[in-house]
1. Between Leu223 and Leu396, what FRET efficiency comes out of the Förster formula 1/(1 + (r/R0)^6) with R0 = 56 Å and r the beta carbon distance, rounded to 0.05?
2. Once the convex hull of the alpha carbons of region 1-113 is built, what does its volume come to per residue, in cubic angstrom?
3. Please provide three numbers in whole Å: the alpha-carbon extents of the chain along the principal axes, with the largest listed first.
4. How large is the charge dipole for the chain, taken about the Cα centre, if only the Cβ atoms of Lys, Arg (+1) and Asp, Glu (-1) carry charge, to the nearest 20 debye?
5. Ordered by packing density, taken as the mean number of other Cβ atoms within 10 Å over each peptide's residues, highest first, how do 193-202, 168-177, 374-383, 140-149 rank?
6. Just from its helices, what would the mean residue ellipticity at 222 nm be for the chain, if runs of 4 or more DSSP H residues each count -39500 (n - 2.57) and the sum is divided by every residue, rounded to the nearest 500 deg cm²/dmol?
7. Treating only the Cβ atoms of Lys and Arg (+1) and Asp and Glu (-1) as charged, compute the dipole magnitude of region 58-174 about its Cα centre; round to the nearest 20 debye.
8. Dividing the convex hull volume of the Cα atoms of region 403-465 by its residue count, what figure in Å³ per residue is obtained?
Amino acid sequence: MRTLVMFSLPTLLSNVLQSLNGSVNAVWVGRLIGEDALAATANANIVMFLVFASVFGFGMAATVKVGQNFGAGNIDAARRAFGSAVGFCFILAMVVAISGYIFAPQLLRAMATPGHAYGLALIYLRVIFIAMPFSMLSVMLAMGLRGSGDSRTPLLFMALSVGIDIVFNPLLIRGWGPFPQMGIAGSALSTALAGIVGFMGTAIHVYAKDLPLRLRGREWRYLIPHPDELKYIVGKGLPMGAQMFILSAAGIILISLVNREGLLATAAYGATAQLWGYLQMPAMAISAAVSAMAAQAIGARLPRRLSEITRAGIIANVGMTGLLTVLLLAFDKPALVLFLGPDSPAVPLARHIQFMASWGFVLFGVTIVLFGTMRAGGVVIAPLIVLGIAMYPGRLGFYYLAQPYLGADALWLAMPVGSIIATSLAIVAYRMPGWRRTLHGIDPDEAAEDSCADGEPAGRMSPSL
């Protein structure tokens, strides 16, 4: 248990910093502009999560390849893998960014984005899409550094990005001092600038310190994706990307149903979703640690340790996520007022949503931990099937059956019902003996990266690093 918790803490801190960007945006937008703007960012964040999910899986795979080559002492191969990943993901990000900019109106209309929130969401999304290639480069650089064993540098520059976002958001929204008044576009621009500055600062640091992943001279050709490297990155990245796509698509369907309940419901959901993002963080960090430790146990031919590691992970998750949930429900009003303001009519509804749905994340954390152990044994299809069933026929089926009787409450209850289904199916899959008989251990870093594909969007703009 001690090893597991200590292993989880750096990942947990990194995830908290990463999510602060979205929370800072939500606080300033909700307090300085209003509920319609907060509803707009709720719609925009789920779209951006889907967009980032289309690229993130490949970056995770590249992190593993970089780590393997770096561990073997082959720095040139690590640079080649990193260059191929950056080149491929940058091209992909450009295609996605251009497509997203063009088709954002159609996507927002398909999500039934309500009233004035539609126009605000469109402005917000398009600014973020313009900056997306640079944001993706920043993420890829952070992933590469982590793969080479340097988790400190990405953390420092992530903190710098958050600090810039905190300072510039209100300045660009309200136009204080020499800054123009830009409204919600200012919030998006602040986030974009923070990402660009974070990337430039990291890149300058890499070259100033002559870190292993810097490219010089003929090495710049590594940015042209090499077929062998690309085969590995795509082969390993697709399953992770597929799982994130399942979760983000389910999130888009969910918020489209929320949008149909009206502007206040979307604003209330946007505020609660920000808090739910933090509720998931202990489970995400613990799952990554469980997966890495389980992969080490399999590699050491000690499969009997899997049950002990999993049990410790479940206990740690229930304890940490359960405590956070109790604190959130005890102090929910001050937390929600941060995003909505003390006089917002959306606050009572947001509190109602919290009490209806928050407890489900304790169960969903158990699912993620079980998946972490299974992924360490090379199991990738079962988690996809379980989440597909829980998110679609499970969650959506409950909503459509219960909505005539419960109204909007069917939507809020559908989330924990989906968690109950996911946890039940995950336990069944975990207890099946087949995958244990065919264990083939994977690299612990790969196991930990795979676990980043788990977790619901819940207010996040991008998947966890």
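The values are calculated or read from the model by the stated rules, or taken from the named source; none is laboratory data. Model, not experiment: these values are computed from the prediction. FYI the Cβ positions are ideal-geometry reconstructions off the backbone, even for glycines, and counts take in every protein chain you see. The accessibility values were calculated without ligands, DNA or RNA, using every heavy atom of the protein model including side chains. Shrake-Rupley method; radii C 1.70, N 1.55, O 1.52, S 1.80 Å.
1. Calculated value: 0.85.
2. Each residue corresponds to 147 Å³ of Cα convex hull volume.
3. 58, 54, 37 Å, listed from the longest principal axis down.
4. 780
5. Details: 193-202: 20.5, 168-177: 17.9, 374-383: 22.4, 140-149: 24.1.
Going by the mean number of other Cβ atoms within 10 Å, highest first, we get 140-149, 374-383, 193-202, 168-177.
6. -28000 deg cm²/dmol
7. Dipole of region 58-174, to the nearest 20 debye: 80 debye.
8. Working: hull volume 6.4 nm³, N = 63.
In region 403-465, the Cα hull volume divided by residue count equals 102 Å³.
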